[in-house]
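Working notes, beginning with the structure itself.
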Ligand code: G3P
Ligand code: CA
């Protein structure tokens, strides 16, 4: 806002809808993307994994059990790992009823379906590579889909896409395969390790629980892989008081299940 700018304060952090607006709609579904758009969230976060037959799907856990009806549809396939199901099998699952019966019929989206919807809403995507150790080569697969969908167009790629992971090797691989892509490392590594990570990442994205003002200041003192100030997006901040606290530390983004609550708390 003009008042903040006049004070010389940092700009308000961007708001990132965590797994979509997952406080209001079933996580990692197209309904949660739509809800994030309704609530005015500029960015959406998701989690990407790979099926038995090599398709990329948007789902958080390594098992389908918590967020779908897989136990009913495939009762003898415990423990229902994503990597043991084909894309066609996963497409049969209901990923909405567990959250609220009114979302019955919501599906586990493929990455293609997901980026189409993000495109329709002109949103930006914070894509998390989840459990990459289970899916050798998934970085190349993800970049192939993003290329085919036009998401790696050099004129726009750094404005609307960040690829992040807890796995530093995976983040480094993305940077090496597609140097134009902005990347983030999840976690709170020691400050002494930041220069090494900054060689291949643009962001350090910690849990808000242990985040301090000093840590944010330390991150900001380095330059990231594209020569700009190393940034930090923090997760998962669902209430106004916590949002104001981390905004006061100067974080660049707040990842939240409730994008409306965070926007109301921190402005922007
Ligand atoms: O975007 C960061 C956050 O999503 C990391 O934790 O478990 O929700 O994927 P998790
Ligand atoms: Ca995530």
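Just so it is clear, none of the values below were taken in a lab; they were calculated from the coordinates. Computed from a predicted structure; not experimentally measured. Neighbour counts are summed over all protein chains in view; Cβ atoms, including those assigned to glycine, are modelled from backbone coordinates with ideal geometry.
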Given the options 43, 151, 98, state which has the largest fluctuation in a GNM of the chain using a 10 Å cut-off (strictly under) for Cα springs. 98
Of 227, 250, 20, the most mobile residue in a GNM of the chain (C-alpha springs, cutoff 10 Å) is 227
To the nearest 0.05, how large is the calculated FRET efficiency for residue 78 and residue 193 if R₀ is 41 Å and r is the Cβ-Cβ distance? 0.60
From the Cα gyration tensor of the stretch 178-254, with a ≥ b ≥ c the square roots of its eigenvalues, which class applies: rounded if a/c is under 1.5, or else prolate if a/b is larger than b/c, or else oblate? prolate
Take the alpha-carbon centre of the stretch 83-133, take the same for the stretch 158-201, and report the distance between them in whole Å. 24 Å
Taking the 0 to 90 degree range and rounding to the nearest ten, how far is the long axis of helix 138-148 tilted relative to the main principal axis of the chain, both from C-alpha atoms? 90 degrees
Helix 168-177: angle to the longest alpha-carbon principal axis of the chain, degrees 0 to 90, nearest 10? 90 degrees
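Given a cut-off of under 8 Å on Cα pairs at least six residues apart, what relative contact order in percent is computed for the chain?
20 percent
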Over the chain, the sum of -39500 (n - 2.57) across DSSP H runs of at least four, divided by residue number and rounded to 500 deg cm²/dmol, gives at 222 nm -8500 deg cm²/dmol
Assuming a ≥ b ≥ c are the square roots of the Cα gyration tensor eigenvalues, decide whether the stretch 104-215 counts as rounded (a/c under 1.5), prolate (otherwise, with a/b larger than b/c) or oblate. prolate
Relative to the longest principal axis of the chain, what angle (0 to 90°, nearest 10) does the C-alpha long axis of helix 111-121 take? 50 degrees
Of all beta bridges DSSP finds with both residues in the chain, what is the antiparallel percent, to the nearest 5? 20 percent
